[in-house]
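Participant: Have a look at the structure that comes next, please.
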Amino acid sequence: MVVFAIVLAAALACFALLFWRLASRLDAKSCTAEWLDRFSLKSYAPMERLLDRNDWAFLASQPGYRPEIGKQLMAERRKIFRAYLRMLVRDFNQLMGIGRLMVVYSNQDQQEFARSLGRQQVKFYARVCALHLQLALYPLGWPAVDARGLLAALGAMRSRVQQLAVQSPALGHMA
């Protein structure tokens, strides 16, 4: 029982540390209306097919294939996927920053929106942690690394912030 408590405490501490690291990735200077207008989920489309196992099957069927080639390709694609994931977290944090600024500068009470920001942040970072775990287990045969839930959460956050920006003049104070 003591061992379980220690493992649980260590896991919670790791999650808290990871949560803090993820949340601290914000460039406050770029929390602008222009950034929000330019932001698009299209740049993340490659994430959905980057770790497709069909590529490895195709590669293995080619003449001259050696297992080292597949391992190298997997390592490179996982590295690229992690870079996309860092960019995705950065963009989510930008949206969070814009949302928080809009709460502060809004002429209307945005208490519910502020609460929803916190809930969305926790859910998003939990998904990021789960995706990191899937990515770590992928070479061992994990069925798939699926970023669609994370991309959907990012899209929902963008829509909510965009909707609030249209309703409120608060975004003008950010520039």
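Participant: Just for the range 88-125: of the residues that are in a helix (DSSP H, G or I) and of a type in the set (D, E, K, R), which one is nearest to Asp37 (Cα to Cα)?
Facilitator: By that ranking, first place goes to Asp91.
Participant: Could you look through the range 106-126, keep only residues that are of a type in the set (D, E, K, R) and under 15 Å from Met96 (Cβ atoms), and pick out the one that is surrounded by the most Cβ atoms within 10 Å (Cβ to Cβ)?
Facilitator: Lys123
Participant: Now a separate question. In the range 1-67, which helices (runs of 4 or more DSSP H) lie fully inside it and hold 1 or more residues that are among the hydrophobic types (A, V, I, L, M, F, W, C) and at pLDDT 90 or above?
Facilitator: 53-60
Participant: Next question, about the same structure. Can you name the condition, by its number, that Tyr65 falls short on among (1) farther than 24 Å from Glu34 by Cα; (2) surrounded by 12 or more Cβ atoms within 10 Å (Cβ to Cβ); (3) touching a residue at least 12 places away in the same chain (Cβ under 8 Å)?
Facilitator: Unmet for Tyr65, out of (1) farther than 24 Å from Glu34 by Cα; (2) surrounded by 12 or more Cβ atoms within 10 Å (Cβ to Cβ); (3) touching a residue at least 12 places away in the same chain (Cβ under 8 Å): (3).
Participant: Okay, moving on. Of the conditions (1) closer than 20 Å to Met47 by Cα; (2) in contact (Cβ under 8 Å) with a residue 12 or more places away in the chain; (3) among the polar types (S, T, N, Q); (4) surrounded by fewer than 17 Cβ atoms within 10 Å (Cβ to Cβ), Asn93 fails just one. Which one is it?
Facilitator: Failing condition for Asn93: (4).
Participant: Now for a separate question. Select from the range 47-62 the residues that are acidic (Asp, Glu) and without any contact (Cβ under 8 Å) to a residue 60 or more places away in the chain and list them in ascending order.
Facilitator: Asp52, Asp55
Participant: Let me ask you something else. How about the range 134-153: which of its residues are surrounded by 12 or more Cβ atoms within 10 Å (Cβ to Cβ) and either over 13 Å from Asp52 (Cα atoms) or of a type in the set (Gly, Ala, Ser) (or both)?
Facilitator: Result: Gln134, Ala136, Leu137, Ala147, Gly149, Leu150, Leu151, Ala152, Ala153.
The values are calculated or read from the model by the stated rules, or taken from the named source; none is laboratory data. Note that this is a predicted model, so its numbers are computed, not measured. Note: ideal-geometry Cβ built from the backbone for every residue, glycine included; neighbour counts use all protein chains shown.
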